[in-house]
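Below is one structure, written out as structure tokens; the observations come after it.
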Amino acid sequence: MNFVELNIAAIKQSDSQNNAYVLLLDETNGERQLPIVIGWCEARSIAIALDGSEKPDRPLTHDLFRTMGDKFNIKVDKIVIHTLIEGIFHAAFHCINQNTKEETEIDARTSDAIAIAIRYGCPIFTYEDILSRAGIIVNNISNKSNIDDLNLEENKMAKPQGINTFTTTKLKKMLQKAIEEENYEKASEIRDEINKRKGE
């Protein structure tokens, strides 16, 4: 299958999901756009790398990955969004050991893969099949938004709502989503809130 190259167009706050953002990827040679829902932390990490002006006090996870790659002479060559299952995108980054020239494909969440791609300055690809199923046509340039839609200053960004503000039904859905995304720290926090309500 042929690759379709994508460029990051914008990061926008999701209108339908709390504490979520939509990462918009433009088809390099076409009019389609691929929207991917990502979390607040991943959105911030991507925005910081794109902006390049804000330096966190401590390295973010994706910065740490780049540092380790540099130390061991491993380069990320490209990112491929290769699968779309039940509305969830799956990606991988393709690494090259510059000492041995060995190539390795490593599975990753799409948001992590893109955050790493920015730090390595490597291209992002998907397949025509995925873009034809999940892509949208951008008819008007005004429909696009700038990366500036996501305020990069941590103290000015929309903070995630406290979990105690959600209904129990919503919390159960959030718990399932956190487990599916292997965000066990968040899942644990949500589970504790649900259990606390059972005891009230």
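The values are calculated or read from the model by the stated rules, or taken from the named source; none is laboratory data. Keep in mind the model is a prediction, meaning the values are calculated, not measured. Reconstructed Cβ throughout: ideal geometry from the backbone, glycine too, with neighbour counts over all protein chains shown. Surface accessibility is based on the protein's heavy atoms, side chains included, excluding ligands, DNA and RNA. Shrake-Rupley method; radii C 1.70, N 1.55, O 1.52, S 1.80 Å.
Couple of notes before you dig in:
- Trypsin sites (Lys or Arg not before Pro) lying in DSSP loop within segment 16-113, provided at most 15 other Cβ fall within 10 Å: K101
- Computed with a 1.4 Å probe over protein heavy atoms only, the accessible surface of segment 43-105 comes to 63 Å² per residue.
- The GluC sites (Glu not before Pro) of segment 90-132 that DSSP puts in a loop, and whose beta carbon has at most 13 other beta carbons within 10 Å, are E102.
- Given a 1.4 Å probe and the protein chains as shown, Y21 ends up with an accessible area of around 10 Å².
- One chain, two ends: T67 and E103. Fully extended at 0.36 nm per residue, the span grows by 11.1 nm beyond their Cα-Cα distance.
- Computed log₁₀ I(q)/I(0) - Debye formula, equal Cα scatterers, no solvent, segment 30-111, q 0.12, 0.17, 0.25 Å⁻¹: -0.45, -0.87, -1.28
- The modelled label-to-label distance for the pair K55/N7, using points 7 Å beyond Cα in the direction of Cβ, is 2.9 nm.
- Overall Cα dimensions of segment 1-145 - principal axes, largest extent first, Å: 46, 40, 27
- Loop GluC sites (Glu not before Pro), segment 1-89 (other Cβ atoms within 10 Å of the site Cβ: 13 or fewer; DSSP): E31, E54, E86
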